[in-house]
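FYI, it's all coordinate maths here, none of it is from the lab. Just so you know, these numbers come straight off a predicted model, no measurement behind them. FYI the Cβ positions are ideal-geometry reconstructions off the backbone, even for glycines, and counts take in every protein chain you see.
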Amino acid sequence: MTAVITVVAVLLILTVLLAGSSIRVLREYERGVVFRLGRLLQARGPGLVLLIPIVDRMVRVSLRTVTLNIPPQEVITRDNVPARVNAVTYFRVVDPNRSVVEVENFEQATSQIAQTTLRSILGKADLDTLLAERERLNADLQQVIDDQTEPWGIKVTTVEIKDVEIPGDMQRAIARQAEAERERRAKIINAEGEFQASGKLADAADVIARNPVTIQLRYLQTLLEMGGDRSTVVFPLPIDVLRPLLGAIDGSRSGPEDPDEARRKHDQASREAAALEQAREPARTELPTSRVVDDAAG
């Protein structure tokens, strides 16, 4: 009786073990790749999966998106500038069977492909392109990596360049270039502003020339703007009142004339007038005399 009980207990234990090894539960994001006596069967899951003990073997494969951090890579750009670049890759399994059969470890293989592709693609680009056109480079990286991992049942959805490290000397050179570019733009904008302002001033001058009263209006407007500040006291004064004052100031600057000098100038002017008058008298008397002589000769 003891031997029978022992045998029954052993059989029950073996049955439980076999049942446990033949039943699998897969989550919604998991698929099971089943091999029966070494031959590949259709992928199963999710839910309850029944296997034949000892005959079937199953490999779990997750279909969730995997975030793969690409280690920093030393890259030399096309214009011979060394740079240190790291990136991140997002991929997922779209064919569980091929991800298990075609490659030994698809995560490691995808990581190596991403590193080599990153060095090769960025090595063909200039530093300016690497800094300014990351979207295009990301698209190129995603396309190349996806083409190489497609036979493994892997779909690369996104590749993003996270950081670009360049030497300090190159950073200073880029800063000087950016500063010079900003100064050039500032000078061009300033020159364009001066050109437009000169045109407007010419138009204003034409308007003022046609109607001089506008300068008086401009004067009053300037006084109004200055009077807006409470710390400034403005006394309006008409421009017409200032004109005689300005003339008097100009006369005072020239100084009073010396009386002796004025007398000498008057005497010199009188002598010049007398000499001119004497020069004219002979010419008047010469003309009749010459006519008499001509008549006598005739």
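Here is how the numbers come out for the structure above:
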quantity	calculated
R0 of 35 Å, Cβ-Cβ distance T222-R185: FRET efficiency to nearest 0.05	0.60
Percentage relative contact order, region 1-157, counting C-alpha pairs under 8 Å, at least six apart	19 percent
Extension gain from N138 to A205, taking 0.36 nm per residue of separation minus the Cα-Cα distance	18.3 nm
Förster radius 35 Å - calculated FRET efficiency between I13 and V101, Cβ distance, rounded to 0.05	0.50
For region 168-210, convex hull volume per residue from C-alpha positions, Å³	29 Å³
Assigned charges on the beta-carbon of Lys, Arg, Asp, Glu; region 11-84 dipole about Cα centre (debye)	220 debye
P(r) histogram, all alpha-carbon pairs of region 18-62 included - 5 Å bins from 0, percent	6, 26, 34, 24, 10, 1
Cα-based radius of gyration of region 66-166 once divided by 2.2 N^0.38 Å, which approximates compact folds	1.09
